[in-house]
Amino acid sequence: MVPQYSLPMTRPGQVIGLLGGSFDPPHAGHAHISREALKRFGLDRVWWLVSPGNPLKSRGPAPLDKRMAAARTLIDHPRIHVTDFEAQAGTRYTAETLSALQQARPDLRFVWLMGADNLAQFHLWQDWQQIMHRVPVGVLARPGARTVARSSKAARIFDHARLPGRMSQLLVRTAPPVWCFVNVPMVSISSTGLRARGDWQGAHGDVTAQGANTRLSAPPSSG
């Protein structure tokens with residue numbers, strides 16, 4: 001029997017972009033690439049998968065409820081939703097999370113989203129090749145990582161499965177393994193930078209991320 005999870009509202013057949021991370025803290029860059037992903041890949045929704053922790057980071061993030069609250073405070077868009085699915089499902093790695101999501105919602109199609117900086121280290125992820133074979137992957141260029149990402153181990157191994165950026169709308173209709181690298185207008189902001197400047201006190205019970213938590217609404221044309 002498939003467990004019942006609390007997930008954002010959807011309709012069968014919709015395509016959901018998944019943006020995973022610790023969101024420690026969430027910031028305008030997350031919102032920016034989410035809106036770009038909706039447009040560039042023709043997605044119906046984007047879900048922010050706020051993880052309990054990042055297996056590649058030795059230091060734990062702020063408490064999950066603080067990061068969830070900050071993410072919901074930050075984003076106000078009818079097609080971008082925040083979920084703690086990984087905590088609900090008890091998954092630790094992305095490959096496990098995708099497997100659990102596909103079992104829970106076989107009526108939906110999922111696309112994994114990541115910044116170009118993550119593609120550069122993608123080969124270090126647990127079962128990363130399984131991820132490539134499980135769902136389409138959309139990569140959005142972020143400051144300073146384009147060249148390194150394009151020459152990364154993952155990019156080389158799956159070069160045969162790369163969809164040209166000009167064909168990004170076909171990503172959701174192509175069977176994996178398939179990935180697409182698109183350039184987007186730059187927003188140079190990172191969670192690491194915000195923490196280093198002391199602009200994020202989430203770990204101390206304050207959900208404020210100064211300079212990052214201005215509520216971001218959907219533009220009037222968004223559906």
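Structure notes:
- Taking amide H atoms as placed 1.01 Å from N in the peptide plane, the amide H of residue 17 lies under 5 Å from those of 44, 45, 46, 47, 111, each 5 or more residues away in sequence or on another chain.
- ³J(HN,Hα), Karplus 6.51/-1.76/1.60, whole Hz, each residue of segment 121-135, x for Gly, Pro: 10, 4, 5, 8, 6, 4, 6, 5, 5, 5, 4, 4, 7, 8, 9
- Residue-wise HN-Hα couplings along segment 159-171, as the Karplus relation 6.51 cos²θ - 1.76 cosθ + 1.60 with θ = phi - 60° gives them from phi, are 4, 5, 9, 7, 9, x, x, 5, 10, 4, 5, 7, 3 Hz; Gly and Pro carry x.
Coordinate-derived values only; no laboratory data. Bear in mind the structure is a predicted one, so any value in this text is a computation, not a measurement.
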